[in-house]
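Everything below concerns the one structure shown next.
Bear in mind these aren't lab numbers, they're just calculated from the coordinates by the rules spelled out. Quick caveat: nothing in here was measured; it's all calculated off a predicted structure. A quick note on method: Cβ atoms are made from the backbone with ideal geometry, for glycine too, and the neighbour counts reach across all protein chains shown.
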């Protein structure tokens, strides 16, 4: 493939792209994704700000204002009063940056993360050139806090906790971790990439994010926040952590920069603000309630087939132990259903996003029945 | 600011955002930005693929195909036959990842970058936890290759070279660097974030990117490529460098991931492919020729005011020595013109992007005359 001498017409290029786009398995049949169709208002707002660069916001002061609003709204939603933060490209950047901040502040050489961590934590360990120690889980697939405590040494600069875990949507015992971490004087980064825009809308989940020693929290509007990719949030409890990742920015209209990318879309801030303002708490609550109803439905349907969930789901992620998941997954794909595989334990993992319909869950289980 | 209980209507939210957007200084009056308005076809293609996630492309096989095409087209454009690569979020990610790959392959502790490097190289040094040594420049503001050679020690894992530099658009002597680096067995990363989509369209610039020891090249379609933010390219000369930044991806529809972010917009691949295909070499050449004509025009106009460019511009970036740049810049901003400040040497830096019109350059110089 090479850059052609003369260009093709707009119609021809867009027709080719439309054909490519239409060849996908539509989100309605995808039960493996933590992303979903963005809300239409998010798309409209993104389009309006599409030429803006949040990395050079002196040109577009309003996108900085929108970023600040998105950060404040997210902090308030999680019940955090004292914070600073910025919009990331998503959970991976947030995890890298949070651990970078902790490493830079404490000048340590290792951090500890649960066995259930997202793979971006492994990526962060390689990028930052620091050791990652892996803490075991208890029977509920939460991090084992006493084992975690024993792993702390004089070179440990931070701990990662999850709300919730990628495979099971499990939430680590934050209060217990916070108490232990405060005694050991080790800051804790909470990876809530998925949970941040689910947990606040489920009354039974009484999670306190505003605890001593919690130094940072990540959350992704481009997952359950219904915003456009890339849209993430990173909140710090103290300025010193933000300062530890600050970089001077000559030639730009700004003085400093905190983000991992330089140039980055202001459109993401506009999109996220728009969907926050348009849905409000009530709007999000309705979406999450529907996802939870559908999660309960799929459990009922799977139980009829003899499968039990690994844990009682706290959010809209549910995993069923299944030994021949590889074969089943392939067979399902042939029937145009996408499901995910969990490794610990081996099983079928389903993320019941807003794009998942009751009707499709029933059709899916019928197809699954034929396969097993 | 907090998440409101009940949401606001779509009309109300979009009206607020439109007002915010309209308050900016429009790109027509911005001579400080390396980004520009994306081409309309890029926006249309972005919109078509807006829900796609290139970090989980098993769901959207066509976006991986588009990414591969964009990478191939970019490599061919730069005259590189053997390559692998991926689409980044922009030059900063590309610089971090290129240096990470070199560090991981050679297991070294320091790299050397020219004094004229972009600040993202400093960011990469902090993130990767490796030392950055700064090589001096010659009289033409290119890296001094003999000084660079002397700085190499047994812990050096890589060299950064520029095509072109952020402040002046200067191009380091790649042939000379390649020869020296080959003798010393040190790989070279070429930061061509700005230059990659300018240099190939200027006949007088006979730059050879396909040289021994050049291990990686970055280029940003979201700068002179006229694509949507975030759109970057990273090309490696050998698989071993890609392998060195590979991360396993459980639960996804993919097996491995090379990018810094996890979730990332497939829409960027569609947008970039669309503008590549629609403009072709002739389309880009016309755009670059117009930018170069306008660059020559601003030099003529500035020379009439007594200012000389620091170097004869190789691309559409031109910098004039100016001691009271801070005051002048502020006065210009009051008149709604945005210009950039260079530090080495102190001066006024102008990036003559496709959004810059001849007429506005004349109006700008009239305003500047009044100020000085």
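Anything in segment B:352-372 that is under 26 Å from the mean Cα position of the chain (by Cα) and farther than 23 Å from residue B:198 by Cα? List them, or say none.
B:364
Can you name the residue in segment B:34-69 that is outside any helix (DSSP H, G or I) and under 30 Å from residue B:356 (Cβ atoms) and, of all such residues, is farthest from the other protein chains (Cβ to nearest Cβ)?
B:39
Looking at (1) touching a helix residue (DSSP H, G or I) at 6+ places or on another chain (Cβ under 8 Å); (2) at the interface with another protein chain (Cβ under 9 Å from one of its Cβ atoms); (3) on the phi < 0 side of the Ramachandran plot, which is the one condition that is false for residue B:129?
(3)
Here is a list: A:349, A:336. Which entry is more than 24 Å from the chain's Cα centre (by Cα), under 28 Å from residue A:228 (Cβ atoms) and not in a helix (DSSP H, G or I)?
A:336
What single numbered condition from (1) closer than 18 Å to residue A:223 by Cβ; (2) within 14 Å of another protein chain (Cβ to nearest Cβ); (3) out of contact with any strand residue (DSSP E or B) (no Cβ under 6 Å at 6 or more places or on another chain) fails to hold for residue A:351?
Among (1) closer than 18 Å to residue A:223 by Cβ; (2) within 14 Å of another protein chain (Cβ to nearest Cβ); (3) out of contact with any strand residue (DSSP E or B) (no Cβ under 6 Å at 6 or more places or on another chain), residue A:351 violates only (3).
Within segment B:137-167, take every residue that is more than 12 Å from residue B:115 (Cα to Cα) and within 14 Å of chain A (Cβ to nearest Cβ) and give me the one that is surrounded by the fewest Cβ atoms within 10 Å (Cβ to Cβ).
Filtering segment B:137-167 for residues that are more than 12 Å from residue B:115 (Cα to Cα) and within 14 Å of chain A (Cβ to nearest Cβ), the one surrounded by the fewest Cβ atoms within 10 Å (Cβ to Cβ) comes out as B:155.
Which residues, counting only those in segment A:182-195, are surrounded by 24 or more Cβ atoms within 10 Å (Cβ to Cβ) and over 18 Å from residue A:101 (Cβ atoms)?
Residues satisfying the conditions are A:194, A:195.
I need a count of the residues in segment B:76-112 that are surrounded by 23 or more Cβ atoms within 10 Å (Cβ to Cβ), more than 17 Å from residue B:126 (Cβ to Cβ) and more than 9 Å from every other protein chain (Cβ to nearest Cβ).
Of the residues in that region, 5 qualify.
Taking segment B:190-228, which residues are in contact (Cβ under 8 Å) with a residue 60 or more places away in the chain and farther than 27 Å from residue B:292 by Cβ?
Correct list: B:215, B:216.
Checking residue B:96 against (1) under 15 Å from residue A:262 (Cβ atoms); (2) out of contact with any helix residue (DSSP H, G or I) (no Cβ under 9 Å at 6 or more places or on another chain): exactly one of these is not met. Which one?
Unmet condition: (2).
Given the criteria more than 10 Å from chain A (Cβ to nearest Cβ), within 19 Å of residue A:251 (Cα to Cα) and surrounded by fewer than 24 Cβ atoms within 10 Å (Cβ to Cβ), does residue B:115 qualify?
Details: more than 10 Å from chain A (Cβ to nearest Cβ): yes; within 19 Å of residue A:251 (Cα to Cα): yes; surrounded by fewer than 24 Cβ atoms within 10 Å (Cβ to Cβ): yes.
Taking the combined requirement at face value, the residue satisfies it.
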